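> Below you'll find the structure I mean.
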Amino acid sequence: MQKIILASQSPRRKQLLEWAEVPFEIQVQETDESYPATLTVEETAIHIARNKALAIKASAAPGKPILAADTIVVLNSEIIGKPKDRDDAIAILSKLSGQHHKVITGVVILSGSSEIAFAETTDVEFHELSKAQLEFYVDQYKPYDKAGAYAIQEWIGVVGIKSIKGDFYNVMGLPVSRVVRALEKV
């Protein structure tokens, strides 16, 4: 597989690509993560990922495929972003406690004039979590850079997740097996 450009600073996406032994280099640009209100949640994740990929395409060496992704958490049709601070993280996790929610990752791969775009959805259910558990997690793990204020591979995933249906790695930030299959087509 040829070397790709990963348009992400996410340490989790980097780790997943390393585990899959996909050769890559990282290039990032600040991008606008706003989106039209008329988009579905799946289209929203793809829209943000596409903007990340296009920002890199303008300055990238021609010929290298560009991989961009964006992960969102959706509870009852509401997109839950990254927490602003400790109180917001606890409030977000309180909403998710005892509930089912969706984790959706939009993926865009640009190669020359072609584009592969898709969204992967994983259903996640939390156990009921106490305020003390939520405060412990937020204070110990500081999940301020994570959609939904949590990372499934951390303490809260080990003790707080009741079930998942779908791709575990998607919840970490990249449906890596599907990405690898898509990259093989490029």
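Rule-based calculations on the coordinates, nothing more; no lab input. This is a predicted model, so every value here is computed, not measured. Because the Cβ atoms are built from the backbone with ideal geometry, glycine has one as well, and the counts that use them run over all protein chains shown.
> Which of the residue pairs Lys52/Lys146; Lys95/Lys185; Lys14/Lys165; Lys142/Lys165; Lys14/Lys64 have a Cα-Cα distance greater than 28 Å in the structure shown? Can you show the working numbers first?
Details: Lys52/Lys146 17 Å; Lys95/Lys185 40 Å; Lys14/Lys165 23 Å; Lys142/Lys165 26 Å; Lys14/Lys64 17 Å.
Over 28 Å Cα-Cα: Lys95/Lys185.
> Then there's this: Counting Lys and Arg as +1 and Asp and Glu as -1, each charge on the Cβ, what is the dipole of segment 42-92 about the Cα centre in debye, to the nearest 20?
400
> Rounding to the nearest 20 debye, state how big the charge dipole of segment 4-185 is about its Cα centre with +1 on each Lys and Arg Cβ and -1 on each Asp and Glu Cβ.
Around 260 debye, computed over segment 4-185.
> For the chain, modelled as a GNM with alpha-carbon contacts under 10 angstrom, which of Leu174, Leu134, Leu39 fluctuates the most?
Looking only at Leu174, Leu134, Leu39, the biggest GNM fluctuation is shown by Leu39.
> Based on DSSP, what percent of beta bridges with both residues in segment 4-185 are antiparallel, to the nearest 5?
The answer is about 85 percent antiparallel.
> Taking only Cα atoms, what is the 0 to 90° angle, nearest 10, from helix 131-141's long axis to the longest principal axis of the chain?
40
> Rank by packing, highest mean first: peptides 125-131, 148-154, 175-181, 136-142, with packing defined as the count of other Cβ atoms within 10 Å averaged across residues.
Taking the mean over residues of other Cβ atoms within 10 Å, the ranking is 148-154, 175-181, 136-142, 125-131.
> Cα axis of helix 86-96 to longest principal axis of the chain: angle in degrees, 0 to 90, nearest 10?
Computed tilt is about 90 degrees.
> Hey, another quick one. What does the helix-only formula give at 222 nm for the chain: each DSSP H stretch with n ≥ 4 adding -39500 (n - 2.57), the total divided by the residues, and the result rounded to the nearest 500 deg cm²/dmol?
-11000 deg cm²/dmol
> Right, something else. Subtract the Cα-Cα distance of Arg178 and Ile164 from 0.36 nm times their separation in residues, and report this length gain in nm to one decimal. Display every interim value, and only then the final one.
Numbers: separation 14, 0.36 × 14 = 5.04 nm, distance 1.75 nm.
In short, 3.3 nm is gained.
> Also, I was wondering about something else. Return one number: the angle in degrees, 0 to 90 and rounded to the nearest 10, between the long axis of the Cα atoms of helix 41-57 and the longest principal axis of the Cα atoms of the chain.
Around 40 degrees separate the two axes.
> Okay, next question. Treat each spin label as a single point 7 Å out from the Cα along the C-beta direction, and report the Ala20 to Lys84 distance in nm.
Going from the Ala20 label point to the Lys84 one covers 3.5 nm.
> On to the next question. Out of (i) 14.6; (ii) 11.9; (iii) 10.2, which label holds the value of mean projected area of the Cα convex hull in nm² that was computed here?
Only one listed value fits the structure, namely (iii).
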